[in-house]
Amino acid sequence: MNAFTQKYGTRVMWLLIAVFVASLSYSFYFKARVEVDARAYDRIAWNIVQGNGYREMTDGPLQEDNAILRVGPGYELFLALIYFIFGHHYAAVWIAHAFLSTASAFLVFLLARKIFSSDPARDTMALIASALIGLSPDIITVNGLLLTETLGVFLIILCAYLFFKYFVSEIRSGWQIFYVGIVLAFAIMVRTPAAFLLFPILFCIYQRGTKKQAAIFLCTIALVFMPWIIRNFNVYRTFVPTNLAYGIDLLSGNHKGATGELEPYMQNGLYLEEFGIVRGSKLLTLEALRFISANPLEFIKLTIYRLSIYFSLSRPTGFWFHLGATGKTITIILSALYSIFLFVFGFFGLYASQKLSDADRRKARYLAAMLIMMPLAVIGIIVETRYRFLSYPFFAIFAGYGAVIAWRKEILRSLVVIALMLFANTAFDAIRSMDKIIEHIRAL
């Protein structure tokens, strides 16, 4: 095999089969009902297929339909394409999710080999990274639901892979950056925080490419968004590049009494009901910005809380509506163990990457910049456990490297320090959120 040895090629093949089977088995075993966000995405997608347009309900004016307040439109269009081809069957979505998760695991393997190309154990590192993303209990769970994360993770890792192909090429062409731009644009349409990847990618193009390539990159993204922007202007008579969820999210996380998490805030509904979706969203944003400017220390405190939540090991997933008490308990345990390994060895690998050769260290630094963009995109707004899924591919790659370095018994003192820091943050978050933890435990 050209890309990697026959030995690792066989192992990767079996791993990818395991990823596909695990994802599909979970989805078909639980057959989770469509609820909350997933129900909204499902309705929007089916309305598109039926010719009703991008809307959640059909009994009111399009200008006041809640669809534009949902994360999108990328995932809804993806669902609509599946429904158009296969009909309104959730099984088709589960199969598509399984394929996407398998592809993500394979791309992580290839990208990890590309990052750590000079290390003799690069195939082992890449295999660990691939397993961490493909067999993640968190991602396997959302694969069985109609949520944006499966597609978002795939597009982000595909964008990163195409970017690093450009990065390591001796001759960097405009076509390479054109493909990066297309994938990133769709990733932003699926999960808006992906927009922060613009910063390290643009910086790299200016450093290692040309201004013409930077222009191609930005124009490509603009062209992908143009039909959606035009549609929104025709409907709402204002500029809406993705959706209008930003006002709700920003004020939900930044008001008096906020905790940094996504919690119901009555003001959101009042503004939208009184002023309508477009004007209400703008007023919600202004209200949040007024709070931040008038209370900068409170904003900093909330941001610290959100950062703590993002990296807390006491924030496993598991409280899903389709799980019973036993299923929730098992999922919580697996998710907690997974997050401990991913974050401890991920941060350790990030630290240890400074030992790499010059060429690999430069690649690792750009990968680290991409990782940093994911929490940076949300810690000023609100944080939920599944919001950190977009950072998992990057953590998985560093965790694969960190696990091998630990196996070699190199700089283990740093591993201990990192673990202690993460557990200290977890203790801080757990103490601050003890009431919610007790409530969750009782709910089991």
message = Looking at the chain as a GNM with Cα springs under 10 Å, which of GLY181, GLY53, GLY402 has the largest mean-square fluctuation?
response = GLY53
query = Which FRET efficiency, nearest 0.05, do GLU274 and GLN63 yield, Cβ-Cβ r, R0 25 Å?
reply = 0.95
request  = Working from Cα positions, state the angle (0 to 90°, nearest 10) between the long axis of helix 434-443 and the longest principal axis of the chain.
outcome  = 80 degrees
The stretch 317-394, Rg to Rh (Cα coordinates; Rh as Kirkwood inverse mean 1/r) = 1.09
task = Rounding to the nearest 20 debye, state how big the charge dipole of the stretch 9-145 is about its Cα centre with +1 on each Lys and Arg Cβ and -1 on each Asp and Glu Cβ.
result = 500 debye
request  = Mind giving me the nanometre distance, one decimal, between the label points for ILE17 and SER357, set 7 Å out from Cα along Cα→Cβ?
outcome  = 3.4 nm
query = At 222 nm, what helix-only mean residue ellipticity would the chain give, in deg cm²/dmol to the nearest 500, using -39500 (n - 2.57) for each DSSP H run of four or more?
reply = -24000 deg cm²/dmol
request  = Calculate the dipole size of the stretch 169-316 relative to its Cα centre from +1 charges on Lys and Arg beta carbons and -1 charges on Asp and Glu beta carbons; express the result in debye to the nearest 20.
outcome  = 480 debye
query = Taking only C-alpha pairs under 8 Å that are 6+ residues apart, what is the relative contact order of the stretch 6-443 in percent?
reply = 18 percent
ask   = Any idea what angle helix 211-236 forms with the longest principal axis of the chain, computed on alpha-carbon atoms, 0 to 90 degrees, nearest 10?
value = 30 degrees
task = Please work out the FRET efficiency for the pair ALA215 and ASP435, using the Cβ-Cβ distance as r and a Förster radius of 41 Å; give the result to the nearest 0.05.
result = 0.20
key: Net charge over other residues, Cβ less than 14 angstrom from the Cβ of ASN254 (K, R count +1; D, E count -1)   = -1
ask   = Each residue of the stretch 119-136 in turn: what ³J(HN,Hα) in whole Hz from Karplus with 6.51, -1.76, 1.60 and θ = phi - 60°, glycine and Pro shown as x?
value = 8, x, 9, 4, 5, 5, 4, 5, 5, 4, 4, 4, 5, 5, 8, x, 9, 4
ask   = Mind checking which of MET266, MET226, MET13 has the largest fluctuation in a GNM of the chain, springs on alpha carbons under 10 Å?
value = MET266
key: Choice from ILE95, ILE300, ILE182 showing the highest fluctuation, given a GNM over the chain with Cα pairs closer than 10 Å   = ILE300
Hull-based mean projected area of the stretch 71-213, where the convex hull spans the alpha carbons, in square nanometres = 9.4 nm²
message = Give me the mean projected area, in nm² to one decimal, of the convex hull enclosing the Cα positions of the stretch 230-376.
response = 13.3 nm²
task = Find out how many positive minus negative residues lie around PHE299, taking Lys and Arg as positive, Asp and Glu as negative, among other residues whose Cβ is under 13 Å from that of PHE299.
result = +3
ask   = Taking 0.36 nm per intervening residue step and subtracting the Cα-Cα distance, what contour gain separates ILE85 from GLN207 on full extension?
value = 39.6 nm
query = Radius of gyration and Dmax for the stretch 6-443's Cα atoms, expressed in Å?
reply = 21.7, 64
inquiry  = A 23 angstrom limit on the alpha carbon distance is what I want to check against. Which of LYS165/LYS212; LYS301/LYS363; LYS256/LYS328 exceed it?
reply    = LYS301/LYS363; LYS256/LYS328
note = Ordered by fewest other Cβ atoms within 10 Å, a rough proxy for footprinting exposure, LYS409, LYS436, LYS363 read LYS409, LYS436, LYS363
note = The rounded separation in angstrom of the Cα centers of the stretch 141-218 and the stretch 228-263 is 23 Å
request  = Treating only the Cβ atoms of Lys and Arg (+1) and Asp and Glu (-1) as charged, compute the dipole magnitude of the stretch 97-169 about its Cα centre; round to the nearest 20 debye.
outcome  = 240 debye
request  = Rounded to the nearest 0.05, what FRET efficiency do ALA92 and ARG237 give with R0 = 25 Å and r taken as the Cβ-Cβ distance? Could you check?
outcome  = 0.10
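Coordinate-derived values only; no laboratory data. Predicted, not measured: the structure shown is a model, and the values here were computed from it. Reconstructed Cβ throughout: ideal geometry from the backbone, glycine too, with neighbour counts over all protein chains shown.
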